[in-house]
Amino acid sequence: MSAFPPVEELVPHAGGMLLIDRIIAQEGETVRGEVEISPQSLFFEAGRGVPGYVGFELMAQTISAYDGLKRRRNGKPPKIGFLVGCRSYRCVKPFFAAGEKLVIEVTSLLGEEGMASFDCKISSPDGAEMAKAVINVYRPPDDEAFVSGA
């Protein structure tokens, strides 16, 4: 049994749009998630796997889980956030293969008034780095409603 709640309770993504399998660790401002690539993975291409650029979304969903853990401790449900930007996403391989386990690590660099920046990486379970980025996000305050079409 995991020390963490199911990832479905930490991020606002549902069904096939949820790309990470679980949270495996939290140490200070760092959270680690995990996913095993399979033919059922969204974006899976037969004979190739999941494109390396999807690692960016794996990082973003792990950031969402980081926020979900903090909100849960304060008795609040997960809340949608927005990707604002990314500095230098680099991935050493074009595809993540079926059966490959990935560890996604996000570390909060700074956060102020809804804006936050995270150092992110994807590694194999043995620690070999596969992808790296710095991602900037924004989450509106709880009392601010999201208005579409305005």
Discussion item. Testing GLU9 on (1) more than 15 Å from the chain's Cα centre (by Cα); (2) open to solvent by 70 Å² or more (accessible area, probe 1.4 Å), one condition comes back false. Which one is that?
Written reply: (1)
Worksheet item: Which residues, taken from the stretch 105-132, are hydroxyl-bearing (Ser, Thr, Tyr) and assigned to a strand (DSSP E or B)?
Response: THR107, SER108, SER117, SER123
Practice prompt. With the condition kept exactly as written, say whether any residue in the stretch 47-59 is part of a helix (DSSP H, G or I), aliphatic (A, V, I, L, M) and touching a strand residue (DSSP E or B) at 6+ places or on another chain (Cβ under 7 Å).
Written response: yes
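Are any residues in the stretch 73-119 β-branched (Val, Ile, Thr), touching a strand residue (DSSP E or B) at 6+ places or on another chain (Cβ under 6 Å) and open to solvent by 40 Å² or more (accessible area, probe 1.4 Å), and if so, which ones?
The answer is VAL84, VAL92.
One line per residue, one yes/no per condition, for (1) under 18 Å from ILE20 (Cα atoms); (2) among the acidic types (Asp, Glu); (3) touching a Pro at 6+ places or on another chain (Cβ under 7 Å):
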residue	(1), (2), (3)
PRO78	yes, no, yes
VAL92	no, no, no
VAL103	yes, no, yes
GLY114	no, no, yes
CYS120	yes, no, no
Worksheet item: Looking at the stretch 12-25, which of its residues are open to solvent by 60 Å² or more (accessible area, probe 1.4 Å) and of a type outside the set (Val, Ile, Thr)?
Response: PRO12, ALA14, GLY15, MET17, ASP21, ARG22
Item to complete: Examine the stretch 45-57 for a residue that is exposed (fewer than 15 other Cβ atoms within 10 Å of the Cβ) and acidic (Asp, Glu), and state whether such a residue exists.
Response: yes
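The values are calculated or read from the model by the stated rules, or taken from the named source; none is laboratory data. Bear in mind that the values here come from a model prediction, so they are computed numbers and not experimental data. Neighbour counts run over all protein chains shown; Cβ positions are idealised from the backbone, glycine included. These area figures cover heavy atoms from the full protein model, side chains too; ligands, DNA and RNA do not enter into them. Shrake-Rupley method; radii C 1.70, N 1.55, O 1.52, S 1.80 Å.
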